[in-house]
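Participant: The following block contains the structure, expressed as C-alpha cells.
The values are calculated or read from the model by the stated rules, or taken from the named source; none is laboratory data. This structure is a prediction, so every number in the text was calculated from the model and none was measured. Here the Cβ positions follow ideal geometry from the backbone for every residue, glycine too, while neighbour counts run over all protein chains shown.
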Amino acid sequence: MSKPRCTIVGGTGYTGGELLRLLSFHPHAEATQITSRSRMGEYAHAVHPNLRGVTNLQFIRPEDAQHSDVVFLCLPHGEASAQIERWAGLAERVIDLSADFRLRDLAAYKRWYGHDHPAPRWVEQFVYGLPELTREQLKGARYASGVGCNATATNLALLPLVKAGLIDWSLPIVADVKVGSSEGGAESSPASHHPERSGAVRSYAPAGHRHTAEVEQMVSAVTGNAQSSIVNRQSSIHMSVTSIEMVRGVLATVHVFLKEPAQEKTLWKAFRDCYRNEPFVRIVKSSVGIFRAPEPKILAGSNWADVGFALSEDGRKATLLCAIDNLMKGAAGSAVQCLNVMMGWDERAGLAFPGLHP
Ligand SMILES: NC(=O)c1ccc[n+]([C@@H]2O[C@H](COP(=O)([O-])OP(=O)(O)OC[C@H]3O[C@@H](n4cnc5c(N)ncnc54)[C@H](OP(=O)(O)O)[C@@H]3O)[C@@H](O)[C@H]2O)c1
C-alpha cells in the first residue's frame, strides 16, 4: 500500500523546510507536493540545501496543488483562515502551523489578535496540536492547529504543577522566554540584518506576547474552570520574550508561587506523574556536569522538550524550565507528532532521533 501523500503549503519557509526534512524519512507518510509562489518550478533543495540528495521534489504553485491525504499549512498569520475552505477540500486532514486556529475561544482570539476571527465556523473543528495536552482529542481528528513555540515551552514547563494543583493563582506567574532568530521565519527584515541581529539581547515583546493566550487556554483546559473564574489567572500570567544569540531554540524560565511550601520531592513527583509516559519530554535536573538544566543547544533539529525545575529555599517559589527547538517541538516536529496521533501510528514515527552535540 502506498504511503499517505502530504502537501506542504508554504514550502520555502523554515517550518516548511523542516516538514520536508521530516517527511523525507517518515516510515508511514511522504511529501508529494510542496508549494511556493516565488520559487515555482525550482527544486526544493535549491531553497533547503540540507536536503540535496534527499528529495527531488519541485515547488508548484499553490493553485496547481492536487488532492492529497494530508495538507500542512505553513503560511503567515491570517492566510490559513483565508484559505481553509480550499485546502480542506483538497485533503482528508489539515494541520495548520500558524496561529489561526489555536484558540478555542473566539473572544480570546479577538482580544489577542485585535479583530474578529475571519473563519469562526472552522475554529471548533480544529484540535490544539500539543499531544501532551490534547492526545485523546487528536486521535482520529481531521484538523489540528499548530502550537506557538513560546507557548509550547511555557506550557510544558508549567503543565506538571498546573495538573498537580500546586500553584497559587492569586500571585503572578512570570514566563521569561529567550528565543532564537529562526522564530521570525525565512523572510528578512531590518531587524534580522546580521549586524543588527548578531549578538543581540533584544526585548522583543517585554509584555503582552500573543502566545500568552495559549498558556491561558492550557490552564483553563487543565483546571476545567469556567471562563468567568479564570479572569484572575488570565491577568496573572505574564510572558516576556527576548531575542538572543541563537538561530534555533526557545528556553522558557517560568516563575510561580506555590500554594504551600513544598519540598523537591513534591515537584519531582508532579513532573514524573506528568511526563512518565511522554515520548518526547525528558526531565533534566542534574547536580553535575555542564548540562544540568534544560538547554536548547542540544535539542537543535530534534523533537525533544527538556523540562526541569528549581525550588527556592523557603519552598514557596518554583522556577520551571523548558527548552525546545522552535522549528521542531515548537512547530514542524509537533505537527508530525500530531499527524502520527491522528493517524494512529507510533507517535515517535519519523521523529525519534536526538539533537546535536556539541
Ligand atoms: N518560525 C517558527 O519558529 C515558527 C514556530 C511555530 C509556528 N510558526 C508559524 O508557522 C507559520 C510558518 O512560519 P515560517 O517561519 O515557516 O514562515 P516563513 O519562513 O515566512 O514561510 C512562509 C511561507 O509561506 C509562503 N506564503 C506566504 N504567503 C503566502 C500566501 N498568501 N499563499 C501561499 N503561500 C504563501 C511563503 O512562500 P512563497 O512566498 O514563495 O509562496 C513561504 O514559503 C507561521 O504562521 C508561523 O507563525 C513558526
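Participant: When the range 56-72 is examined, which residues are found to be near the ligand (Cβ under 8 Å from one of its atoms) and not in a helix (DSSP H, G or I)?
Facilitator: Within the range 56-72, F59 is the sole residue that qualifies.
Participant: Separate question: Filter the range 173-215 down to the residues that are among the charged types (D, E, K, R) and touching a strand residue (DSSP E or B) at 6+ places or on another chain (Cβ under 6 Å), then identify the one that is surrounded by the most Cβ atoms within 10 Å (Cβ to Cβ).
Facilitator: Checking each candidate, the answer is K178.
Participant: Going through the range 255-282 one residue at a time, which ones are in a loop (DSSP other than H, G, I, E, B) and more than 24 Å from N303 (Cβ to Cβ)?
Facilitator: K259, E260, P261, A262, Q263, listed by residue number.
Participant: So which residues in the range 1-36 are assigned to a loop (DSSP other than H, G, I, E, B) and either without any contact (Cβ under 8 Å) to a residue 12 or more places away in the chain or more than 16 Å from the ligand (Cβ to nearest atom) (or both)?
Facilitator: Of everything in the range 1-36, those that are assigned to a loop (DSSP other than H, G, I, E, B) and either without any contact (Cβ under 8 Å) to a residue 12 or more places away in the chain or more than 16 Å from the ligand (Cβ to nearest atom) (or both) turn out to be M1, S2, K3, P4, S24, F25, H26, P27, H28, A29.
Participant: Please go through the range 123-147 and give me each residue that is in contact (Cβ under 8 Å) with a residue 60 or more places away in the chain and touching a Gly at 6+ places or on another chain (Cβ under 6 Å), ordered by number.
Facilitator: G129, A144, G146, V147
Participant: Separate question: Out of E196, E183, I need the residue that is assigned to a helix (DSSP H, G or I) and within 23 Å of the chain's Cα centre (by Cα). Which one?
Facilitator: Of the residues listed, the single one that is assigned to a helix (DSSP H, G or I) and within 23 Å of the chain's Cα centre (by Cα) is E183.
Participant: Is it the case that the range 156-172 has a residue that's surrounded by 19 or more Cβ atoms within 10 Å (Cβ to Cβ) and within 16 Å of the ligand (Cβ to nearest atom)?
Facilitator: yes
Participant: Follow-up question, since we're still on this one. Condition first: more than 18 Å from L356 (Cβ to Cβ) and touching a residue at least 60 places away in the same chain (Cβ under 8 Å). Now tell me which residues in the range 276-306 satisfy that.
Facilitator: E278, P279, V281
Participant: Out of all the residues in the range 95-117, is one or more among the hydroxyl-bearing types (S, T, Y), more than 30 Å from Y275 (Cα to Cα) and either assigned to a helix (DSSP H, G or I) or at pLDDT below 95 (or both)?
Facilitator: Yes; the residues of the range 95-117 include at least one that is among the hydroxyl-bearing types (S, T, Y), more than 30 Å from Y275 (Cα to Cα) and either assigned to a helix (DSSP H, G or I) or at pLDDT below 95 (or both).
Participant: Next question. Can you tell me how many residues in the range 1-59 are of a type in the set (D, E, K, R) and out of contact with any strand residue (DSSP E or B) (no Cβ under 7 Å at 6 or more places or on another chain)? First the steps, then the outcome.
Facilitator: Looking only at the range 1-59, we keep the residues that are of a type in the set (D, E, K, R), and these are 3, 5, 18, 21, 30, 37, 39, 42, 52.
Narrowing further to those that are out of contact with any strand residue (DSSP E or B) (no Cβ under 7 Å at 6 or more places or on another chain): 18, 21, 37, 52.
Number satisfying all stated conditions: 4.
Participant: Oh, and also: Just checking, how many residues over the range 325-358 are in contact with a Pro (Cβ under 7 Å, 6 or more places away or on another chain) and within 16 Å of the ligand (Cβ to nearest atom)?
Facilitator: Residues flagged as in contact with a Pro (Cβ under 7 Å, 6 or more places away or on another chain) and within 16 Å of the ligand (Cβ to nearest atom) within the range 325-358 amount to 3.
Participant: Hey, can you tell me all the residues within the range 76-104 that are among the acidic types (D, E), farther than 20 Å from L339 by Cβ and surrounded by 17 or more Cβ atoms within 10 Å (Cβ to Cβ)?
Facilitator: Across the range 76-104, the qualifying residue is only E79.
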